[in-house]
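Single-structure report; data block below.
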Amino acid sequence: MSSLPPSRHGRGRALFGLAGALLLGSCASLDDAPINAAVEGGGTLAADAGVFPDDGDGETLIGLNFSGGGTRAAAFAHGVLEAFAETEMPGPGGRTVNLADRIDFVSGVSGGSVTAAWFGLEGRRGLGAFREKFLLKNAEENLSDNPLNPATLAKVYAGGANDRSNLPQWLDANLFGGATFARLLEKKRPTVWLNASDIANHAPFVFEPATFRAFCSDLSALPISEAVAASAAVPVIFAPVSLETFPERCAWEMPRWARFASEHASAPALLKANARALAAYRDPAKMKYIRLLDGGLTDNFGLAGLTIARAAAETPHAPLTARQAARLKRAMFLVVNAGRASETDWARTRQGPTVTPLLMAVIDTGIDASVRQGFDAFQLTVARWQQDLVEWRCRLSPAEVTRLVGTTKGWNCRDVKFHSGEVAFDQLPDRREKLQKIATRFVLPADEVDLLIGAGRDATLANPVFNGFLRTTRPPGVAAGRPLAPQGGAKVTLTPSR
């Protein structure tokens, strides 16, 4: 059996060869049964606790977004988490806490969703096992993608070379062990969002409670392996993943922001697309089944969910609660980008690209433009969020501060700083070329896996946003010149002065 072709964003050159099978007019049976179930009991679904966990220590907020890109993205994201696990910062009561244990939110796309889901389940203690359990394994071993195989061609014509019997079953057997979203939802931190693309509504689709409440489905019962596979479902290589809607099974009211987006021409386009999708999920005449493919088609950084949550906010601090917003001192949002440079050998010759590289270049151009716009929009969102938060805090009365924070002593309404940025291959000039040449497949040699893990770790520890965030945690009395990142592999510990 051939492997997934080594192409950018997990899409191979053979993708168009497989697409040619459409001309054969073959037909085959695919397992495209819906992966979800309806809620039990009906009624009105309760709201979830919120995007970010609140365990009483509200001074710090950390969110990570892992891009798509097969095992390459999963390994690079794993290296970032290793850097967090090597770093400690001051915690409540004068204790030091591990930075990996303080991650509040993780969003993943495609290969990045594998790392996000695993970390959500196992936390820091599971980092040591991830390399052996997934990164060094061949997750393609059960896949059908040989364009010369008539059975594969027939499946392609039916919707995709692979279905639920392939990658989801492999992930469940080798990594997730039957775990459902119930295990993720019951944990205090981190909140985990896995991202796919709703191809009927041309919109991002986030596996999170609010999305599933809209069509009365039980997210807690959904196997994590199914969501990860949907997030990584490259068109043609994989058949679309199906979700069934059950609008008759529960009461649900369209959020105010969605009504606004539907009725006002000036509403942001991303908000409008999400509102249209929610409305469709409630109308069986329009949509009884949601079809999902690779999250990178609409949002390869997994940023849309948070951007929408902030754009839809009805308070200056949402999606933070008032208590979280009043207590917060620092926040960090890092986008972990395992994207690679475009393959443009034809740009050096007089003869232009032939059909396959031309079509791949067109797809990559669209995806990269979307990625850049999404990242820029997110950066602006974070900056405006901090501004709105400061203005809201400075309007609080002393009584409100006492109610939310517990005391007014030492509280400063302007003492809050948001940090946002990117960890990417181009931040490591000495390794950038090798990293960018690594294929976006779900099987890689051990030396490339280890190169990616080390790159993720080193790029994070040298990252100015990461270190700027750590500087805000430095207690009084710690020398300004003290290194904030491990030197020579040593763990950094920021301890309060005595």
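Could you tell me whether any residue of the range 256-266 is over 21 Å from Val371 (Cβ atoms) and touching a Phe, Trp or Tyr at 6+ places or on another chain (Cβ under 9 Å)?
No - not one qualifying residue is present in the range 256-266.
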### Complete set of residues in the range 149-178 that are more than 18 Å from Ala232 (Cα to Cα) and modelled with pLDDT of 95 or more
Gly177, Gly178
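Which of the helices (runs of 4 or more DSSP H) found entirely inside the range 184-295 contain at least 1 residues meeting this: touching a residue at least 60 places away in the same chain (Cβ under 8 Å) and within 16 Å of Asp32 (Cβ to Cβ)? Don't jump to the end; show me each part of the working.
Details: elements: 209-214, 224-231, 256-263, 269-281.
Counting at least 1 such residues, we get 224-231.
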### Task
Tell me which residues, restricted to the range 268-303, are closer than 30 Å to Gly421 by Cα, small (Gly, Ala, Ser) and out of contact with any Gly (no Cβ under 9 Å at 6 or more places or on another chain).
Ala269, Ala273, Ala275, Ala277
### Query
Is it fair to say Phe52 is at pLDDT 75 or above and not in a helix (DSSP H, G or I)?
yes
#### Entry: The lone exception for Pro168 - which of (1) over 29 Å from Lys437 (Cβ atoms); (2) surrounded by fewer than 24 Cβ atoms within 10 Å (Cβ to Cβ) it fails
(2)
### Residue check, Phe442 touching a Lys or Arg at 6+ places or on another chain (Cβ under 7 Å) and closer than 15 Å to His78 by Cα
no
### Query
Restricting attention to the range 218-250, which residues are open to solvent by less than 20 Å² (accessible area, probe 1.4 Å) and in contact with a Cys (Cβ under 9 Å, 6 or more places away or on another chain)?
Thr245, Pro247, Cys250
### Residue selected from the range 251-286 under the condition under 11 Å from Ala214 (Cβ atoms) and either of a type in the set (Ser, Thr, Tyr) or buried (at least 19 other Cβ atoms within 10 Å of the Cβ) (or both), by the criterion nearest to the chain's Cα centre (by Cα)
Asn274
### Query
Taking Glu448, is it over 24 Å from Ala73 (Cβ atoms) and modelled with pLDDT of 95 or more?
no
### Query
Do we have any residue at all in the range 182-196 that's surrounded by 23 or more Cβ atoms within 10 Å (Cβ to Cβ) and over 19 Å from the mean Cα position of the chain (by Cα)?
no
### Query
Identify, please: which residue in the range 55-67 is assigned to a loop (DSSP other than H, G, I, E, B) and open to solvent by 10 Å² or more (accessible area, probe 1.4 Å) and is, among those, modelled with the highest pLDDT?
Glu59
### Query
What residue, of Ala75, Ala83, is over 26 Å from Ala196 (Cβ atoms), open to solvent by less than 30 Å² (accessible area, probe 1.4 Å) and among the small types (Gly, Ala, Ser)?
Ala83
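Table: residues versus (1) among the hydrophobic types (A, V, I, L, M, F, W, C); (2) modelled with pLDDT of 60 or more; (3) surrounded by fewer than 22 Cβ atoms within 10 Å (Cβ to Cβ); (4) over 14 Å from the mean Cα position of the chain (by Cα).
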{"residue": "Cys27", "(1), (2), (3), (4)": "yes, no, yes, yes"}
{"residue": "Ala38", "(1), (2), (3), (4)": "yes, yes, yes, yes"}
{"residue": "Gly42", "(1), (2), (3), (4)": "no, yes, yes, yes"}
{"residue": "Ala46", "(1), (2), (3), (4)": "yes, no, yes, yes"}
{"residue": "Gly69", "(1), (2), (3), (4)": "no, yes, no, no"}
{"residue": "Pro92", "(1), (2), (3), (4)": "no, yes, yes, yes"}
#### Entry: Matching residues, the range 52-67, being more than 16 Å from the chain's Cα centre (by Cα) and among the aromatic types (Phe, Trp, Tyr)
none
### Query
Of all the residues that make up the range 124-141, how many are at pLDDT below 95 and in contact with a strand residue (DSSP E or B) (Cβ under 7 Å, 6 or more places away or on another chain)?
0
### Task
Consider Glu314 carefully, then state whether it is of a type in the set (D, E, K, R), modelled with pLDDT under 95 and closer than 30 Å to Arg403 by Cα.
yes
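State whether one or more residues within the range 323-344 are of a type in the set (A, V, I, L, M), within 30 Å of Gln436 (Cβ to Cβ) and surrounded by fewer than 22 Cβ atoms within 10 Å (Cβ to Cβ).
Checked against the condition, which is being of a type in the set (A, V, I, L, M), within 30 Å of Gln436 (Cβ to Cβ) and surrounded by fewer than 22 Cβ atoms within 10 Å (Cβ to Cβ), the range 323-344 yields at least one hit.
Anything in the range 387-399 that is touching a residue at least 60 places away in the same chain (Cβ under 8 Å) and either acidic (Asp, Glu) or in a loop (DSSP other than H, G, I, E, B) (or both)? List them, or say none. I'd like the intermediate steps shown before the answer.
Let us first name the residues in the range 387-399 that are touching a residue at least 60 places away in the same chain (Cβ under 8 Å), namely 388-389, 391-393, 396.
Result: Asp388, Glu391, Leu396.
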### Task
Give the residue that is surrounded by the most Cβ atoms within 10 Å (Cβ to Cβ), with candidates limited to residues of the range 94-120 that are touching a residue at least 40 places away in the same chain (Cβ under 8 Å) and assigned to a strand (DSSP E or B).
Gly108
### Task
Filter the range 140-154 down to residues that are in contact with a Leu (Cβ under 7 Å, 6 or more places away or on another chain) and either of a type in the set (Phe, Trp, Tyr) or assigned to a loop (DSSP other than H, G, I, E, B) (or both) and give me whichever is surrounded by the fewest Cβ atoms within 10 Å (Cβ to Cβ).
Pro147
### Task
Could you list, in sequence order, all residues of the range 412-456 that are touching a residue at least 24 places away in the same chain (Cβ under 8 Å), over 27 Å from Lys137 (Cα atoms) and not in a strand (DSSP E or B)?
Arg414, Asp415, Val416, Gln427
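The values are calculated or read from the model by the stated rules, or taken from the named source; none is laboratory data. Keep in mind that this is a model prediction, so the values were computed, not measured. Here the Cβ is made from the backbone with ideal geometry for all residues, glycine too, and neighbour counts use every protein chain on show. These area figures cover heavy atoms from the full protein model, side chains too; ligands, DNA and RNA do not enter into them. Shrake-Rupley method; radii C 1.70, N 1.55, O 1.52, S 1.80 Å.
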